[in-house]
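First the structure, in the form of structure tokens, and then the observations on it.
Values quoted throughout were computed directly from the atomic coordinates according to the rules given, and no laboratory measurement underlies them. Remember, predicted model here, so these are calculated numbers, not experimental data. So basically every Cβ, Gly included, is an ideal-geometry build from the backbone, and we count neighbours across all protein chains shown.
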Amino acid sequence: MFDLVIKNATLPDGRTGVDVAVQDERIAAVEPGITAEAGQTIDADGLLLSPPFVDPHFHMDATLSLGLPRMNVSGTLLEGIALWGELRPTLTTEALIDRALRYCDLAVSKGLLAVRSHVDVSDPRLVTVEAMLEVRDRVAPYLDLQLVAFPQDGYYRKTGVEEALSRALDMGVEIVGGIPHFERTMEDGARSVEALCRIAADRGLMVDMHCDETDDPMSRHVETLAAQTVRFGLQGRVAGSHLTSMHSMDNYYVSKLLPLMAEAQMAAIPNPLINMMLQGRHDTYPKRRGLTRIPQMMEMGIPVGLGQDCVMDPWYSMGTGDLLDVAHMAVHATQLGSIEDKRAMFDAVTVNSARIMGLEGYGLDVGCHADMVLLQARDTAEAIRLRPNRLKVIRRGKVIAETPVERSRLSLQGRPEVLNPASYAPRIAV
Ligand SMILES: [Zn+2]
């Protein structure tokens, strides 16, 4: 007898009519026609059952602070950083924890059960770190929160940050961050990449840097990051976040850069929602849409995970906690429109990001944690198009969030009375 059986699901890889059985918080069987009894049975009715969504780039210490102490008028990254600087001295542990917990509630309702959050270490009080460590413990039963020590104001640009970053790692933050394009000079940026990779090598940690989040094609810190990754033997442990300058780089240069990144086994974490909003602010027309080169990186075998970056904070006033919004924007902005492309973008908000974060037991294979999301869509392409209701969100075999099936009632003579958006999915053989 199983604890839970989900009947007749479609899986992200396209398999249909699959039953998934859960025993002792793990997936015990994935096959058609499971007949054994179960404590609970859920009929998926042919809908898509996915592993949980994963956000590999977020700022949990800033989320839901929109409007504090004022709005970002120019809409630029730099005004966002300045605004956060105004807000920072007023931050309290209690308010940070309260906002983060509220955000995690929203995340769970969207089936988002793993988040990598950068945590600002620019204020030597480190209230942000204290608060996020507390949040990490409190949400652990339902959401995996990974923390990056992030020097928002630059590692060398402000005194005391080197020591504060080191202290944050001592306190239990598990990943080394950076922001080389915001250091005072290109040289300081390159020096920061080297110093931060050295720290990661010495401590046996992963690296995830905000890297080249600018429209300046000469912002090439990603090259230094790839080189230092190899030099310090950090292959497979380093991610470059944003990488928007790559949008504007010379094609010849990129043809040299991408193999360097692949050699270093670096991962890329683009954030399409926010970078569509922030980049190109100094352009007239044509206006660059500062998203990094996702299709070219995928062709090169560089793992791509998509992040939200921000939800309702000084940098980005929008955001819903839904990683399908992120995939939806990526499909449009990078013109990844085929069925296969959309499946790849679905992977970029699920399995790719889980791999980049090094999540243990993630997936729908036998032996994995019984963490799953049942969506009101028939397949991955439909999930991205509809961004549908998460009917069931399951953690360790228990339903932790539910949303009813979305249906509209029509009053049109001679037309159907009830409309289900998921029933509009075309049946294309793939
Ligand atoms: Zn960020």
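A few points about this structure:
- Global geometry of the chain, whether rounded, prolate or oblate, following the gyration tensor of its Cα atoms and the 1.5 cut on a/c: prolate
- In this structure, the amide hydrogen of L147, modeled 1.01 Å from its nitrogen in the peptide plane, lies closer than 5 angstrom to those of S117, E174, I175, counting only residues at least 5 positions away or on a different chain.
- Prolate/oblate/rounded call for region 268-388, Cα gyration tensor, a/c under 1.5 rounded: prolate
- Distance in nm between pseudo-label sites at I339 and R15 (7 Å out along the Cβ direction from Cα): 1.9 nm
- For V207, the residues whose amide H sits under 5 Å from its own are V176, V238, A239, ignoring neighbours fewer than 5 places away on the same chain, with H placed 1.01 Å from N.
- Ranking of T244, T320 by neighbouring Cβ atoms within 10 Å, starting from the fewest: T320, T244.
- Annotation: the residues I97, I384, I42, sorted from fewest to most other C-beta atoms within 10 Å of their own C-beta, follow the order I97, I42, I384.
- Phi angles across region 5-14 convert, under the Karplus curve 6.51 cos²θ - 1.76 cosθ + 1.60 with θ = phi - 60°, into 3J(HN,Hα) values of 10, 9, 9, 6, 9, 9, 9, x, 7, x Hz, Gly and Pro given as x.
- Shown for T76, T334, T380, T10: other C-beta atoms within 10 Å of each C-beta, ranked fewest to most, produce the order T76, T334, T10, T380.
- Spin-label model, E163 to M1: label points 7 Å out along the Cα-to-beta-carbon direction sit 6.2 nm apart.
- Entry note, region 10-136: relative contact order of 27 percent, from Cα contacts under 8 Å with a spacing of 6+ residues.
- Computed from the Cβ-Cβ distance with R0 of 56 Å, the FRET efficiency linking D202 to Q40 stands at 0.70.
- Segment V73..S411, full-extension length gain: 117.3 nm, with 0.36 nm per residue of separation and the alpha-carbon distance subtracted.
- Here region 53-357 is treated with +1 on each Lys and Arg Cβ and -1 on each Asp and Glu Cβ, and its dipole about the Cα centre works out to around 320 debye.
- Karplus 3J(HN,Hα) series, Hz, for region 178-186 with 6.51 cos²θ - 1.76 cosθ + 1.60 (x for Gly, Pro): x, 8, x, 6, 9, 5, 5, 10, 4
- Residue-wise HN-Hα coupling along region 75-80, computed from phi with Karplus coefficients 6.51, -1.76, 1.60 (Hz; x: Gly, Pro): x, 9, 4, 5, 5, x
- CD proxy at 222 nm, helix term only [per DSSP H run n ≥ 4: -39500 (n - 2.57); per residue of the chain; nearest 500]: -10000 deg cm²/dmol
- Between amide H atoms placed 1.01 Å from N, distances below 5 Å from D19 occur with N8, A9, E31, G33, I34, all of them 5 or more places distant or on a separate chain.
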